[in-house]
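The structure under discussion appears below in the form of structure tokens.
The values are calculated or read from the model by the stated rules, or taken from the named source; none is laboratory data. Model, not experiment: these values are computed from the prediction. Cβ coordinates were reconstructed from backbone atoms using ideal geometry, including for glycine residues, and neighbour counts include every protein chain displayed.
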Amino acid sequence: MGPIFFLAILGSTSISIIIIVFLFLKRQSQKEQVNLEIELRKQRQEFFLPNRVDAYERAILLMERLHPNSLVMRLNNPSLPAKIMHAEFLKTIREEFDHNITQQLFISPVAWKLLRDSKEELVKLINLAASQVQENTSAIELSAKIFELVAQLEKLPSEVATEFLKKEFQELF
């Protein structure tokens, strides 16, 4: 066994050791990366969870405030003409929605679409009620027409959205 054979054995052993060390270090690096990703997800969850909880609370509150019965009772002003009350309803709906528009950052796109659609359906309902009363009638008649239309619906879009939000919120935990 000459020196060349010894160097060949030593060389293959060194290459094997280098490969083993390389594979070990690569595996350790992958484990560290996975652990860092887990920690980052955990920190992100801790940061965003309170904001998400708040967003779901505010979105549900928005749906409750925009429920036609709530809206009519809150804005009730019998001394106003129906035309003015109609404008007040639409203004309040727009303001309430605009005030909560940033909540879409923290709730799902599906939930946000339900909120937006619910608002649009409410506007349609208010407009329909306004079109079915005479302009010179009182706000009481407009409110009564809104209640009448609401009674004809099996489920309001705001109720559907609220149920969806509650279900989606429960899935956070």
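A few notes on this one:
- Within the stretch 100-125, the residues that satisfy the criterion of being under 18 Å from residue 68 (Cα atoms) and not polar (S, T, N, Q) are 114, 115, 116, 117, 119, 120, 121, 122, 123, 124, 125.
- Some residue of the stretch 109-124 being farther than 16 Å from residue 161 by Cα and among the aromatic types (Phe, Trp, Tyr): no
- Each residue in the stretch 128-147 was checked for being assigned to a helix (DSSP H, G or I) and in contact (Cβ under 8 Å) with a residue 12 or more places away in the chain, and 11 of them qualify.
- Matching residues, the stretch 85-121, being part of a helix (DSSP H, G or I), at pLDDT below 95 and buried (at least 19 other Cβ atoms within 10 Å of the Cβ): 103
- Residues satisfying the stated conditions in the stretch 50-84, i.e. part of a loop (DSSP other than H, G, I, E, B) and without any contact (Cβ under 8 Å) to a residue 60 or more places away in the chain: 80
- Output for the stretch 91-115, where each listed residue is of a type in the set (A, V, I, L, M) and within 16 Å of residue 54 (Cα to Cα): 101, 105, 107, 111, 115
- Taking (1) modelled with pLDDT under 95; (2) assigned to a helix (DSSP H, G or I); (3) closer than 29 Å to residue 81 by Cα; (4) charged (D, E, K, R) in turn, residue 124 satisfies each apart from (1).
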